[in-house]
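What follows is a short report on a single structure.
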Ligand code: ADP
Ligand code: MG
């Protein structure tokens, strides 16, 4: 009986969130060890199918770093990153396309369908929802670095995404964009996700990764910063707390909230059903990037 009561309490706690979020769009970036090639994607995809069935409109943007790195190493190539952005030469681009479209995107679509949901893969070869221009990287001394076939999305064609959502499907976007000349560019999926969230006027941007959120000390999960303001981000970058793959993530969250997305979070995709915990419980988890700290709220999480 106790267990049954606890289960009912969980459902009741979810009700206001279900009421609030019904019909709203949530962009979920799925990456990191949360998506290891040998791992199980169903924990995250089950949450996505759940959201889709209760009338929330999830849009997935996936990464695929571990899959790409594995495929490159198998061909004797070492991946290179500049401030969290993967350098992509012509040979790597062909490999990245192959891996992201045929391995990762297709697998996510297939697994959503296996869980009873519907999904549509969208990328540079189908639907072409992302338009990008070449992006130059920045070295730590501020000088420009040629990253190769790497892009920055400047426009999202919302039509194929809306069509998928209208038919009850989950749009699954690979971070492969095209230029106005038709050249494919590899984009950091965090950067794609914030732009998609902004252009779709999403309620939330959620970045799932293999860390609990922003850690002050990367070796200590208890040092999690549960809310960080845009101004604090700069200081954390200067102090070297935010580095590597965390840089594009934090930037994505800041850009999203500046563009009007209501909430931007980073959460741990390794925790079972972390996405549902973040959306449907009062506590929330991970790190949220906020415009400013709520008055007199101390260190409590801001009201939703
Ligand atoms: P994803 O595929 O999810 O984008 P990345 O490897 O690009 O994963 O980025 C996540 C990584 O960022 C973490 O695994 C961690 O090594 C690194 N990182 C850098 N600074 C921090 C920090 N302050 N807190 C947590 N992780 C950090
Ligand atoms: Mg990354």
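Couple of notes before you dig in:
- Residues (under 14 Å from residue 164 (Cβ atoms) and crowded, with 21+ Cβ neighbours inside 10 Å) located in the range 110-129: 112, 117, 119, 121, 122, 123, 129
- Only a single item in (1) without any contact (Cβ under 8 Å) to a residue 40 or more places away in the chain; (2) closer than 18 Å to residue 27 by Cβ; (3) touching a strand residue (DSSP E or B) at 6+ places or on another chain (Cβ under 8 Å) is not met by residue 256, and it is number (1).
- Filter pass, residue 27 being part of a strand (DSSP E or B) and within 16 Å of ligand 1 (Cβ to nearest atom): yes
- Take the conditions (1) over 23 Å from residue 100 (Cα atoms); (2) within 12 Å of the chain's Cα centre (by Cα); (3) within 14 Å of ligand 2 (Cβ to nearest atom); residue 264 misses just one of them, which is (3).
- Qualifying residue in the range 48-59 (condition: within 13 Å of ligand 2 (Cβ to nearest atom) and either in contact (Cβ under 8 Å) with a residue 40 or more places away in the chain or under 18 Å from residue 279 (Cα atoms) (or both)): no
- Counted residues, the range 269-287 - those being in a strand (DSSP E or B) and at pLDDT below 95: 0
- If you check 79, 66, 129 for being within 16 Å of ligand 1 (Cβ to nearest atom) and touching a strand residue (DSSP E or B) at 6+ places or on another chain (Cβ under 8 Å), only one passes: 79.
- Where a residue in the range 179-206 is modelled with pLDDT under 95 and its partner, wherever it lies, is part of a helix (DSSP H, G or I), with Cβ under 6 Å and at least six apart: 188/248
- Inside the range 232-256, residues that are part of a loop (DSSP other than H, G, I, E, B) and near ligand 1 (Cβ under 7 Å from one of its atoms) make up a count of 5.
- Cβ pairs under 6 Å, 6+ apart, first in the range 277-304 and within 19 Å of residue 231 (Cβ to Cβ), second at pLDDT 90 or above and in a loop (DSSP other than H, G, I, E, B): 287/213; 287/214; 287/225
- Filtered residues of the range 166-212 (kept if part of a strand (DSSP E or B), under 23 Å from residue 43 (Cα atoms) and within 16 Å of ligand 2 (Cβ to nearest atom)): 173, 205, 206, 207, 208, 209
- The set of residues from the range 72-102 being free of Cβ contacts under 8 Å to residues at least 60 places away in the same chain, surrounded by fewer than 20 Cβ atoms within 10 Å (Cβ to Cβ) and assigned to a helix (DSSP H, G or I) comprises 72, 73, 74, 90, 91, 94, 95, 98, 102.
The values are calculated or read from the model by the stated rules, or taken from the named source; none is laboratory data. Keep in mind it's a predicted model, so treat the numbers as computed, not measured. Neighbour counts are summed over all protein chains in view; Cβ atoms, including those assigned to glycine, are modelled from backbone coordinates with ideal geometry.
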